[in-house]
Amino acid sequence: MAKLDEKIGFIGGGNMAFAIGSGLINRGIVKTGQVFVSGPNIENLQRWRDIGVATTDDNNEVLNKSDIIFICVKPHILAPCAEQLRNNHVRTIKDMEKLFVSVLAGVCLKDLEEQFSFIDRLKMIRTMPNTPMQVGEGCTVYTPGSYVVQQDLEKVHLMLNSLGIAQQVPESMIDCVTGVSGCGPAFVYTIIEALADGAVKNGVPRQMALQFATQTVLGAAKTVLVTGKHPAILRDEVCSPGGATIVGVHELEKGNLRSTIINAVEKSSQRSAELGRKNK
Ligand SMILES: NC(=O)c1ccc[n+]([C@@H]2O[C@H](COP(=O)([O-])OP(=O)(O)OC[C@H]3O[C@@H](n4cnc5c(N)ncnc54)[C@H](OP(=O)(O)O)[C@@H]3O)[C@@H](O)[C@H]2O)c1
């Protein structure tokens with residue numbers, strides 16, 4: 001797999017940043033020495049130091065030393081964080097070469113570009129990643145801002161796609177996707193837990209139940225991907241007439257499972273857009 005020589009910075013070293021950073025290191029896309037992370041509480045960055053990554057409580061240090069900078073703070077922290085960067089920033093010619101990558105849910109390119117307008121000819125890419133990137137099974141969409149060139153896009157695509165799949169989309173689609181891939185892992189964890197609980201209720205030991213439930217979800221997901229068949233066709237194939245599976249499927253329908261999940265995706269997408277607007 002191709003490697004990058006650029007220095008990669010993370011402003012904000014929480015869960016999403018760690019999923020990307022540790023994923024890139026594990027995949028061999030970058031070495032630990034190329035990565036630099038900042039956050040206000042240095043003690044909260046211990047897991048980065050545990051994998052050999054340098055940390056600081058000075059966001060400007062990361063900004064100055066990095067070529068590609070991931071902005072990984074919560075949306076409501078963006079404005080104070082950008083203000084602090086702006087107040088301490090010394091303009092250099094290198095600013096125009098730097099590439100910024102936002103992972104913030106709901107925050108549009110226009111607002112990101114406004115917040116970072118102290119960088120000349122700002123190159124900003126808005127992304128919506130997800131935490132399964134830490135195990136190489138992420139799903140990311142991204143949209144480039146005004147000054148981003150093809151070469152920048154290739155680098156970001158290489159990084160994000162090496163941790164799962166990554167696709168460029170029109171910005172209008174990013175909030176819609178957030179409800180499925182950004183928030184979806186939490187929905188699936190809930191489903192795995194529920195499947196395991198069902199098995200425990202029937203007498204299967206907890207650890208075994210969790211392992212079987214997880215493998216079942218993995219297997220079903222892989223079957224959809226590998227066969228390319230519509231999930232409804234695959235479901236029909238395992239529902240023999242008068243059999244056990246159709247009885248269970250009927251129970252799911254009685255509980256409005258599909259409608260509940262459709263609502264969850266829709267509400268999460270709406271909330272994501274709302275959070276971006278609220279934090280302007
Ligand atoms: N988690 C997901 O599944 C997911 C998926 C898609 C997108 N996102 C996006 O990813 C972003 C981060 O979410 P997260 O889940 O990773 O949250 P998180 O784990 O809480 O991480 C946020 C990090 O920002 C740090 N921080 C706070 N103030 C800062 C400042 N002024 N400068 C630099 N760093 C600062 C926090 O440090 P302290 O802990 O020391 O305060 C924390 O490490 C959010 O914008 C979210 O919309 C998350």
Point to revise | region 43-55 - residue that is exposed (fewer than 14 other Cβ atoms within 10 Å of the Cβ) and more than 20 Å from Thr131 (Cα to Cα) and, of those, nearest to the ligand (Cβ to nearest atom) | key: Glu43
Check your understanding: Identify, please: which residue in region 39-74 is among the hydrophobic types (A, V, I, L, M, F, W, C) and in contact with an Asp or Glu (Cβ under 7 Å, 6 or more places away or on another chain) and is, among those, farthest from Met159 (Cα to Cα)?
Key -> Ile42
**Study point:** The one condition in (1) near the ligand (Cβ under 10 Å from one of its atoms); (2) at pLDDT 95 or above; (3) not small (Gly, Ala, Ser) that Asp67 fails to fulfil
**Key:** (1)
Study note, to complete from the structure: Checked region 94-120 for anything within 16 Å of the ligand (Cβ to nearest atom) and over 15 Å from Ala79 (Cα atoms); matches are Phe100, Val101
**Study point:** Whichever residue in region 23-41 is assigned to a loop (DSSP other than H, G, I, E, B) and in contact (Cβ under 8 Å) with a residue 12 or more places away in the chain and, among such residues, is farthest from the ligand (Cβ to nearest atom)
**Key:** Gly28
**Study point:** Residues located in region 70-84, provided they are more than 6 Å from the ligand (Cβ to nearest atom) and touching a residue at least 60 places away in the same chain (Cβ under 8 Å)
**Key:** Phe70, Ile71, His76, Leu78, Ala79
Check your understanding: Glu6 passes all but one of (1) within 16 Å of Ser162 (Cβ to Cβ); (2) surrounded by 20 or more Cβ atoms within 10 Å (Cβ to Cβ); (3) in contact with a strand residue (DSSP E or B) (Cβ under 6 Å, 6 or more places away or on another chain); (4) touching a residue at least 60 places away in the same chain (Cβ under 8 Å); which number fails?
Key -> (2)
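The values are calculated or read from the model by the stated rules, or taken from the named source; none is laboratory data. Owing to the predicted nature of the structure, the values given are computational and were not obtained by experimental measurement. Don't worry about glycine lacking a Cβ; one is built from the backbone with ideal geometry, like all the others, and counts go over all protein chains shown.
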